[in-house]
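Heads up: the structure comes next, in structure tokens.
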Amino acid sequence: MKKFKIEKSAEEWKAQLGEESYFILREKGTERAFSGALNTNYEKGSYNCKGCNATLFTSEQKFDSGCGWPSFDASEEGSIIYNRDTSHGMIRTEILCANCGGHLGHVFNDGPTETGQRYCVNSLSINFKK
């Protein structure tokens, strides 16, 4: 199992994150589409991991994909780890925070920008910082 710069016990993560964000970041859950507060946020700033505050994405990388989750066409260099995910009868690429290992969502090769990427991220896994 990979070691991360920030590691905590389940109890420590639960106390820090609260029930909903713990479910997403530590148990690889997913929030309902169109329910996340950051889905329609287009202010200038950065999107940081809710678990460790590492910068993952910027507002320049965000776009409206219409999928119901915040979407980005790239991530900050070195901020993401990619894992093959075969759960739920699908083959996807899971994205994790490289600093703490928190589950963020998935990345798909169907983005409309020149990168061709669509990082589909749970609002409950990130914080926005102006």
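Each reported figure results from applying straightforward, stated rules to the coordinates on display, with no laboratory input. In this text the structure is predicted, and so the values were computed from the model without any measurement. Heads up, the Cβs are rebuilt from the backbone with ideal geometry, glycines too, and the neighbour counts pull from every protein chain shown.
In a simple Cβ point-charge model (Lys, Arg +1; Asp, Glu -1; nothing else charged), the range 74-130 has a dipole of about 180 debye relative to its Cα centre. Between Glu11 and Ala33, the distance separating the two model label sites (each 7 Å from Cα on the Cα→Cβ line) works out to 4.0 nm. Distant-in-sequence amide contacts of Leu56, defined by a placed amide H-H separation under 5 Å and a gap of 5 or more residues or a different chain, comprise Tyr47, Asn48, Cys49.
With pairing defined as another cysteine C-beta under 4.7 Å, the cysteines of the chain that fail it are Cys67, Cys120.
Residue separation of Glu20 and Cys67 scaled by 0.36 nm, minus their Cα-Cα distance, works out to 14.9 nm of gained length. Report the local net charge at Lys62: Lys and Arg +1, Asp and Glu -1, summed over other residues whose C-beta lies under 12 Å from its C-beta. Neighbourhood net charge equals -2. Sorted from longest to shortest, the spans of the Cα atoms of the chain along the three principal axes equal 40, 36, 28 Å. Packing, taken as the mean count of other beta carbons within 10 Å per residue, orders the peptides 62-70, 91-99 from highest to lowest as 91-99, 62-70. Cross-link pairs exceeding 24 Å in C-alpha to C-alpha distance, out of Lys5/Lys129; Lys2/Lys28; Lys3/Lys62; Lys3/Lys44, comprise Lys3/Lys62; Lys3/Lys44. Once both axes come from the Cα atoms, what is the angle between helix 10-27 and the longest principal axis of the chain, in degrees from 0 to 90, rounded to 10? Once rounded, one gets 30 degrees. Over all other residues within a Cβ to Cβ distance under 15 Å of Gln16, the charged ones net out to -2, with Lys and Arg as +1 and Asp and Glu as -1. Gyration tensor over the Cα atoms of the range 53-115: the corresponding equivalent ellipsoid has semi-axes (square roots of 5 times the eigenvalues, largest first) of 18, 17, 10 Å.
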